[in-house]
Each structure stands twice: as structure tokens, then as C-alpha cells.
Amino acid sequence: MDGLADLLERLLTAEEWRVLRRAGDVADLHGVELYLVGGTVRDLLLGKAPADLDLTGVGVDEGFACVLADGLGGRVVSRSQFVTAHVRANGVLIDLAMARRERYEQPGALPTVSPAKTVEEDLRRRDFSINAMGVALSRRRWGLLADPLRGLDDLERRRIRVLHEQSFVDDATRIFRAVRYSVRMGFALEEDTLGLLKGRLRFIETIGGERVWNELERVFMERRAVAMLRMAKELGVLAAVLPALALPSGALGTLPSPSKSPDARAKRLLALVAWPVLPVRMSALRKRLHLSRKMARVVEDAAAVKELLSALRARDLRPSRLHGRLEGLDAEAIRAAAIACGEPAAAHYLEYYLSELRGVETLLRGGDLIELGVPEGPRVGEALRELLAARLDGLVATREDEERFVMRKFHPHLDPPPSRGRM
Ligand code: ATP
């Protein structure tokens, strides 16, 4: 095929194009063969402006990130293991890595890394053929595609294919990645890849909790997260993480946006997939997904709502009773419970609580009650609770109503003080 010089010019911003052109020159000068790689190339070939600029260089050493940053008039913004760094120049962020080989000593363990001698070696360690292409950035070979694993064919055939039989054994996080790409791009899992994936589900056990959570969270943040979770469920991927994990059937409603409320989205989806987990398995779940305190709380709160379901079957539950039972529980846990419980009446109460009762407060504060003659101490808290219940049940609306309510309770023989000029 022709080179991709054209695509680079068309799909990159002018600044990105200039920075890459210059990066290629700097690399040429230092004997480094520089390539755009991975998802960046995949997206370019699909005609999309890439989200990140991932570069790999054959011959990159510890000092090269600084050399590149200097040559671009930019700076190194971060470095991490395996000679990888972020370099920023003219507002363009580059993700630079040393071209490397990887050897997996045992399933699920992080690989042993050594420098690659050719870009092909680096491409061979990757997850899927569509992510295993490179575009040369040297001046002499600018825009030439390196595609030793026939990724372009697979891109055209719209399929996800692993590079070798051991791929999912070496690194079972690729199972989640396969599902993610398949749904995101509308690609099928190539037949052998599908067979391998199904046969290797047990290797998910070899992946530590932190990495499993990381993969799940990446799924949660995708636009088509629900379809991905459904596919993961159907393939047995969720059950391979923990047997009870599933996704309620039927509509799941609108999810919080991944860019505006990522936390709420993760909480909601976690509470939904964890809904069938029994209380005795909660600590196993926490451990398996290496849940943060915040995320652990949401599954616990959803479990607490589940225990309340029988109480929510009562007809004519007073709002104050409903509030008393749900107060303090995470809103996302409650919403997930409403979606997952499969009981319309209970779901109605839960939604009613979220939309009408949660966050309701009395107009009078503790100090106001003391002024009205409620003795300082525990009686104030008690009176506030009673007042809140009265408000929730619609017995008081205005400040004057609240004052009258308090006076009737504590000084049944007196009138409330005259209103102090408030409307
Ligand atoms: P996304 O669009 O989701 O960001 P991406 O392809 O950029 O996709 P990254 O997770 O940023 O994905 O990884 C960059 C590249 O690194 C991938 O395209 C792939 O070539 C390689 N890669 C990432 N994770 C793995 C893995 N677990 N095994 C092998 N190669 C991987």
C-alpha cells in the first residue's frame, strides 16, 4: 500500500504534524528509528484523528526523552518504568516508549522486558493485529506502514485477532480489551481468537485485583459500556472474575456521563454488575476488584437496599419511614437497586426517595429550636428529626408551620412567637 503521509497530513493537527516531523528528524540524528504505533495507527487508518500520539523508538535509551524534548523545544512531563515518558512540545503531548520485547515467565505476571532490535519485535508483543502496526517517522521513510502481522487486513475485515495462541494466557487482561474493541468498533472476534478466549477464561484468575478493576473501569468509561458488559457476561468473562457478577436484563436507563460524572458512572455500573453478589461474598468481591473504600461502599449500600426490599413492598409507606430507611446510602447504589430489583413498586419508592425526599431539610436549625424553648442537648436532635419527618410527610410547609409544630410539641399550651419579619 501507499505510505500514510497523506493521512498524517490530513488527520493530524498542523501542530501535531510539525512536532512529529521534527521528532523524526531528532531521532534520525541520534540513530533512533521512531514510529507511531498501536491505537494511534489503528485510528489513523480508520480515518479518525487519534486521541493519543503513541511513539516507539528502536534504540531509545534513558536519555532520549530529554534529547527529544530539547530538540522539540518542549519538556519531559513524566517518566515511568520500561523507558517510557511523556514529552510536551507546542501543546502537543507525545507518549514515548522504548521499542521492546516482552517475555512472560508465568501467566498473569508482568513480562520481562528487553530492548527490541527492530520495530517488528515490538509489534509482535502487542495484543491484537489491529493494534500491532507502526508508521515510520524518519525523514527517509516518513509515513511507511510497518504491518508484519497483517493488521490492515483485519482492519478491513473488521475483526479482532490475537497474535499467537498464548496471548490470553500470558495476559488475560487482553480478554477485556478484546471485548472493548469489539463493541467499540463493531468488529467481530476472529474465529480462532474467539475459541481461544473462551478456552482461556480461567486465566482471568491469574490477574491481580488492581488490574481487573483497571480493565473494568476502562469498560465503564466507554460510551457503549452496557453493550460491552453484556458481551462480557455472555462470553462468561464476568463470571470468570466472580461467579455472581452479571448485568440486569432489560433497560438500564441513562447512565451518568463518563466525562462529566465518571465517579457516578463507575459506581452505578459497579453496583449493577455486583447486584447478584450475596452478602457473604462481599469481602471476596472487594478483594477481587481491589475496590477503593468509595467503591466498596457503593456495593455495600446496594446490598443494604436489597435487604430493605421486603419493607418496600408495603403499601402506603410514609415518606418519613422511607427516608429513615434510605438516608445516608449512596444515591448511585439506590438508583442501581431501583433498576436491578425487578420489583416495580419497590423501584417506585426508591426513585421517589431520590427525586423527592433525599436532601430535604428542615427550615429551622438547632439554634432556632433553642430560641423557641427546646432545651439544649439531645432534645434538639430529637426535635429536628421529628420536624424533618413532619416536613417529609407534608405536615409542615413554611417556617411558621415548623415553628407551630415545635411549639405544639414542646409548649402545647403556648402560641408560637410572632413571626420575625420573614416571609
Ligand atoms: P484506546 O483507544 O482504548 O486508548 P489504545 O490502542 O491506545 O486504545 P492503550 O491501552 O493505550 O490502547 O495501549 C496502547 C497500545 O499498547 C495498544 O494499541 C497495544 O498495541 C498495546 N497494548 C496495550 N495493552 C496491551 C496488552 N495488555 N498486551 C499487549 N499489548 C498491549
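Candidates are the residues of the stretch 213-230 that are over 10 Å from the mean Cα position of the chain (by Cα) and open to solvent by less than 40 Å² (accessible area, probe 1.4 Å); the one that is nearest to I339 (Cα to Cα) is V226.
Kindly provide the set of residues from the stretch 3-44 that are within 12 Å of the ligand (Cβ to nearest atom) and either buried (at least 21 other Cβ atoms within 10 Å of the Cβ) or over 33 Å from the mean Cα position of the chain (by Cα) (or both), ordered by number.
Restricting attention to the stretch 3-44, the residues satisfying the condition of being within 12 Å of the ligand (Cβ to nearest atom) are 35-44.
Residues satisfying the conditions are Y35, L36, V37, G38, T40, V41, R42, L44.
A search for C-beta distances below 8 Å between a residue of the stretch 373-384 that is more than 14 Å from M407 (Cα to Cα) and any residue that is surrounded by 11 or more Cβ atoms within 10 Å (Cβ to Cβ) and of a type outside the set (K, R), counting only pairs 6+ apart in sequence or on different chains, returns E376/I370; G381/G366. Restrict the check to the stretch 135-151 and report whether at least one residue is in the same structural domain as Y35 (by TED's automatic domain parsing) and acidic (D, E). The answer is yes, given that some residue of the stretch 135-151 is in the same structural domain as Y35 (by TED's automatic domain parsing) and acidic (D, E). Scan the stretch 144-165 for residues that are touching a helix residue (DSSP H, G or I) at 6+ places or on another chain (Cβ under 6 Å) and either under 12 Å from V37 (Cα atoms) or within 11 Å of the ligand (Cβ to nearest atom) (or both) and the total you get is 4. Take G186 and decide whether it is open to solvent by 10 Å² or more (accessible area, probe 1.4 Å), within 15 Å of the ligand (Cβ to nearest atom) and on the phi > 0 side of the Ramachandran plot. Yes, satisfied.
Would you mind telling me which numbered condition in (1) part of a helix (DSSP H, G or I); (2) free of Cβ contacts under 8 Å to residues at least 40 places away in the same chain; (3) closer than 22 Å to K267 by Cα E210 fails? So E210 meets the others, but not (2). Can you find, within the stretch 113-134, the residue that is surrounded by the most Cβ atoms within 10 Å (Cβ to Cβ) among those that are away from the ligand (no atom under 12 Å from the Cβ) and in a loop (DSSP other than H, G, I, E, B)? Only one residue tops the list, namely A116.
Just one of the listed residues (D61, D54) is buried (at least 20 other Cβ atoms within 10 Å of the Cβ) and either assigned by TED's automatic domain parsing to the domain that holds M133 or in contact (Cβ under 8 Å) with a residue 60 or more places away in the chain (or both), namely D54. The set of residues from the stretch 166-185 being more than 28 Å from A136 (Cα to Cα) and not in a helix (DSSP H, G or I) comprises Q166, A172. Considering the stretch 69-89, the residues that are of a type outside the set (V, I, T) and part of a loop (DSSP other than H, G, I, E, B) include one that is nearest to the chain's Cα centre (by Cα), namely Q81. Tallying residues that are within 16 Å of the ligand (Cβ to nearest atom) and of a type in the set (D, E, K, R) within the stretch 45-76 yields 3.
For (1) of a type outside the set (S, T, Y); (2) open to solvent by 20 Å² or more (accessible area, probe 1.4 Å), each residue gets a yes or a no:
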{"position": "A314", "(1), (2)": "yes, yes"}
{"position": "L329", "(1), (2)": "yes, yes"}
{"position": "E343", "(1), (2)": "yes, yes"}
{"position": "L354", "(1), (2)": "yes, yes"}
{"position": "T362", "(1), (2)": "no, no"}
{"position": "L372", "(1), (2)": "yes, no"}
{"position": "G381", "(1), (2)": "yes, yes"}
{"position": "A397", "(1), (2)": "yes, yes"}
{"position": "D401", "(1), (2)": "yes, yes"}
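The values are calculated or read from the model by the stated rules, or taken from the named source; none is laboratory data. Keep in mind it's a predicted model, so treat the numbers as computed, not measured. Using ideal geometry, Cβ is built from the backbone for each residue, glycine included, and neighbour counts are taken over all protein chains shown. Ligands, DNA and RNA are excluded from the accessible area calculation, which covers all protein heavy atoms including side chains. Shrake-Rupley method; radii C 1.70, N 1.55, O 1.52, S 1.80 Å.
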